[in-house]
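**Q** Sharing a structure, written as structure tokens. Questions coming.
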Amino acid sequence: MSSQAFSAPGKALLAGGYLVLDPQYKSYVTALSSRMHAVLHSTVSTNVEIRRVKVSSPQFKEGEWVYNIKGNDYYQSGAINEINERRNPFLEATISTVLTYIQPKDNFDIDITIYSDSAYHSQDGTTVSKSNNGQKKFLYHTKPIMEVPKTGMGSSAGLVTVVTTALLAYFNNIKDIDESTKNIIHNCSQIAHCYAQKKIGSGFDVAAAVFGSIIYKRFQPSLIENILSNKASNEEVQQLVNSSWDFVHDQCALPPHIRLLMGDIEGGSETPKLVSKVLQWKKDKPDESDPLYKALDTANQKLIGVLSDLHNLYKQDPVSYTSHIDSEVTTELSQTILDIRHNLQKLTKLSGAEIEPETQTKLLDNCRNLQGSFGGVVPGAGGYDAICLLVKDDSVNTIVRSTATNPRFQNVTWLNLHEEAQGVRTENVVDYDGLK
Ligand SMILES: Nc1ncnc2c1ncn2[C@@H]1O[C@H](COP(=O)(O)OP(=O)(O)OP(=O)(O)O)[C@@H](O)[C@H]1O
Ligand SMILES: C[C@@](O)(CCOP(=O)(O)O)CC(=O)O
């Protein structure tokens, strides 16, 4: 029996919501310390007939999917059969995509166990399980995955990425994840995620799960269209996975001493509804949307520039950097965050989509005034889901403590999260031993 483990990060889109859908705009994506994990065990099958992938997700009720696999056209219905007829489109699409790419000749019997860190889902009514050596700790829910509220950190992108990585590692005997392996993982995961969602999104969540914190410019949607309509042959899928996609994923990280603080907000929004409202308005009112998209992009690019300037300042003089971030440079950072918000407020008004609704505006204004805060935004598609602040690292505890009893912040739960810029990586299998 051989065993391997992998993990991939969740994400927050700090700048670039909506614009990232268009290949001309760059966005800023932060990878988070909340990660999705996959532990793979495989046995060499002596049973000539067996081609099986079993995926367990023990943190959720009925979290087990056993797939028997037939033939070699893995996107055809009937090729990937779950023995209890349980659906998990993300797992089905991942298995189909990797098997189409690999075209395995031999039989296989693979067990994958999924674990997700606590910030991906609401933590109400959970119990904890720790591994034997104390390295991993996960929360267990009483309900099936479909019934547990999500926090919007990209659980499906994380799932697709770690399962893709585990399967590719098994079939291609991969031990280390180098850059060229990451490209293959990315391309397979992106195809599988689109296939499962039955639409081509911007893909920033999958790219962050693979590459970590990135400045991201999307791939051309036309790359995947044929696969989505089941028109691509196995060879075409293989060629697409092996080809070099034209997209930007430049590594980035927040500057030293600047921390991301993510607040979960009571209430929620439906991203697809917000997106369709914005896209409809953009189509109907180009005279309004063209200048606003331009202004929002200018503010987003300014933020990317200010963060990069701060890195350079630190490199030049780490000692005086600390006083710099207290003074004028940070005025620029706060001002840029405010510029982004003003444009998102305009987008809210003009499109009618509640991206930065009034209650979030009030909350973000209050957050801006907290000691050590550079201000914050509604991440990603916005709405009532979350807020994302940039704060000085030595202020995190004070902010969390001082807001706990303040009625202005009563709807906010600060998540136990920070940036972890690294993308998909290998983990030690023993760190998971003893979990429920
Ligand atoms: N731990 C897990 N185990 C098994 N399946 C999972 C797990 N996490 C996510 N999934 C799959 O992903 C689906 C959720 O995907 P969805 O795209 O709706 O959420 P998300 O990626 O967390 O959201 P967002 O894109 O807003 O961040 C679940 O219904 C399930 O099929
Ligand atoms: C609105 C959009 O640009 C961002 C959605 O981000 P999130 O899933 O809310 O983090 C849509 C997309 O990029 O897929």
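The values are calculated or read from the model by the stated rules, or taken from the named source; none is laboratory data. Owing to the predicted nature of the structure, the values given are computational and were not obtained by experimental measurement. Methodologically, a virtual Cβ is constructed for each residue, glycine included, from the backbone with ideal geometry; neighbour enumeration extends over all protein chains shown.
**Q** Quick check on the range 120-133. Is at least one of its residues at pLDDT below 95 and farther than 14 Å from S34 by Cβ? Write out each step before concluding.
**A** The initial filter retains those residues of the range 120-133 that are at pLDDT below 95, namely 120-125.
When the remaining residues are screened for being farther than 14 Å from S34 by Cβ, the result is 124-125.
Yes: one or more hits.
**Q** For the range 260-287, enumerate the residues that are surrounded by fewer than 20 Cβ atoms within 10 Å (Cβ to Cβ) and away from ligand 1 (no atom under 16 Å from the Cβ).
**A** E266, K277, L279, Q280, W281, K283, D284, K285, P286, D287
**Q** Just to be sure before I move on: is A232 in contact with a strand residue (DSSP E or B) (Cβ under 8 Å, 6 or more places away or on another chain) and away from ligand 2 (no atom under 14 Å from the Cβ) in the structure I sent?
**A** On the way: in contact with a strand residue (DSSP E or B) (Cβ under 8 Å, 6 or more places away or on another chain): no; away from ligand 2 (no atom under 14 Å from the Cβ): yes.
Spelling it out, it is not the case that A232 is in contact with a strand residue (DSSP E or B) (Cβ under 8 Å, 6 or more places away or on another chain) and away from ligand 2 (no atom under 14 Å from the Cβ).
**Q** Restricting to the range 21-35, give me the number of residues that are within 15 Å of ligand 1 (Cβ to nearest atom) and either touching a Leu at 6+ places or on another chain (Cβ under 7 Å) or at pLDDT below 95 (or both). Reasoning before the result, please.
**A** Going residue by residue through the range 21-35, those that are within 15 Å of ligand 1 (Cβ to nearest atom) are 21, 27, 29-32, 34-35.
If we keep only those that are either touching a Leu at 6+ places or on another chain (Cβ under 7 Å) or at pLDDT below 95 (or both) as well, we get 27, 29-30, 32, 34.
Of the residues in the range 21-35, 5 are within 15 Å of ligand 1 (Cβ to nearest atom) and either touching a Leu at 6+ places or on another chain (Cβ under 7 Å) or at pLDDT below 95 (or both).
**Q** A further question on this structure: So which residues in the range 2-56 are within 26 Å of I200 (Cα to Cα), among the hydroxyl-bearing types (S, T, Y) and not in a strand (DSSP E or B), if there are any at all?
**A** Y18, Y25
**Q** Would you kindly identify the helices (runs of 4 or more DSSP H) lying entirely within the range 188-300 that contain at least 2 residues that are without any contact (Cβ under 8 Å) to a residue 12 or more places away in the chain and in the same structural domain as S334 (by TED's automatic domain parsing)? Break it down stepwise before answering.
**A** On the way: elements: 204-211, 222-228, 234-242, 271-284.
Here the list reads 271-284.
**Q** Something else now. May I ask you to list the residues in the range 144-167 that are in contact with a helix residue (DSSP H, G or I) (Cβ under 6 Å, 6 or more places away or on another chain) and either away from ligand 2 (no atom under 14 Å from the Cβ) or closer than 16 Å to P89 by Cα (or both)?
**A** G154, S155, S156, A157, G158, L159, V160, T161, V163, T164, T165, L167
**Q** Here's a follow-up. Please go through the range 272-302 and give me each residue that is touching a Ser or Thr at 6+ places or on another chain (Cβ under 6 Å) and closer than 17 Å to R341 by Cβ, ordered by number.
**A** So in the range 272-302, the residues touching a Ser or Thr at 6+ places or on another chain (Cβ under 6 Å) come out as 277-278, 281-282, 302.
If the condition is that a residue be touching a Ser or Thr at 6+ places or on another chain (Cβ under 6 Å) and closer than 17 Å to R341 by Cβ, then V278, K302 are the ones that fit.
**Q** Turning to a different aspect of this structure: Which residue is surrounded by the most Cβ atoms within 10 Å (Cβ to Cβ), if the candidates are limited to the range 349-380 and must be among the polar types (S, T, N, Q) and more than 17 Å from L14 (Cα to Cα)?
**A** Going through the range 349-380, the residues among the polar types (S, T, N, Q) turn out to be 351, 359-361, 366, 369, 371, 373.
From what's left, more than 17 Å from L14 (Cα to Cα): 351, 359, 366, 369, 371.
Working: S351: 22, T359: 13, N366: 15, N369: 9, Q371: 10.
For the range 349-380, the residue satisfying everything is S351.
**Q** Additional query: Residues to consider are N411, N416, N428; find the one that is surrounded by 15 or more Cβ atoms within 10 Å (Cβ to Cβ) and away from ligand 2 (no atom under 16 Å from the Cβ).
**A** Numbers: N416 fails: surrounded by 15 or more Cβ atoms within 10 Å (Cβ to Cβ); N428 fails: surrounded by 15 or more Cβ atoms within 10 Å (Cβ to Cβ).
Answer to the selection: N411.
**Q** Of all residues being under 25 Å from the mean Cα position of the chain (by Cα) and surrounded by fewer than 20 Cβ atoms within 10 Å (Cβ to Cβ) in the range 381-394, which is farthest from ligand 1 (Cβ to nearest atom)? Just the residue, please. It would help to see each step written out before you state the result.
**A** So in the range 381-394, the residues under 25 Å from the mean Cα position of the chain (by Cα) come out as 381-393.
After this cut, where a residue has to be surrounded by fewer than 20 Cβ atoms within 10 Å (Cβ to Cβ) as well, the list is 384, 392-393.
Values: Y384: 13, K392: 27, D393: 26 Å.
The residue in question is K392.
**Q** Just give me the residues in the range 137-166 being more than 9 Å from ligand 1 (Cβ to nearest atom), over 13 Å from S7 (Cα atoms) and in a helix (DSSP H, G or I), in sequence order.
**A** E147 - this is the single residue of the range 137-166 that is more than 9 Å from ligand 1 (Cβ to nearest atom), over 13 Å from S7 (Cα atoms) and in a helix (DSSP H, G or I).
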